[in-house]
Amino acid sequence: MASLNVYSVLVVLFLTCGATMATKENDQIIKENNCETKMGMPCVLEAFKSIFETGSISNKCCCELVGLGKFCHSALVKRTLENPLFKHLSPAKIIAKSIQTWNNCLALIDSPSLSA
């Protein structure tokens, strides 16, 4: 139980202390990789809802999300969290949902039933 508390403190410290550096780093990653142009708007909205609200993401949008790439996905989520409109959200919970969405989509894309 104590290790969970230590881990939580480290995550909070990382998120708060590295915010300025993360902003520039995320913007640079997004710009250099053309992240904002790799998904269609309907899939962007689906992915957003599955991470920042409640909702699911379709197979088609999972394909687009995985095609976006892990670096772009992470950078876009982190940049969204930096927006004052989302300051009421828990960064740790959003990042966990982001990872879960990514892993679910990756597993779906790798599934033999989807490629058949």
(request) Starting with the fewest neighbours, write out Asp27, Asp110 ranked by other beta-carbon atoms found within 10 Å of each beta-carbon. (result) Asp110, Asp27
(message) List the aspartates and glutamates whose Cα sits under 18 Å from the Cα of Lys49, skipping any in the same chain fewer than 8 residues away.
(response) Glu36, Glu64, Glu82
(request) Determine, for each peptide in 42-48, 30-36, the mean count of other beta carbons within 10 angstrom over its residues, then list the peptides with the highest first. (result) 42-48, 30-36
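Values in this text are rule-based calculations from the coordinates and carry no lab data. These numbers were taken from a predicted model, which means no experiment stands behind them. In this analysis, Cβ positions are derived from the backbone assuming ideal geometry, glycine residues included, and neighbour counts consider all displayed protein chains.
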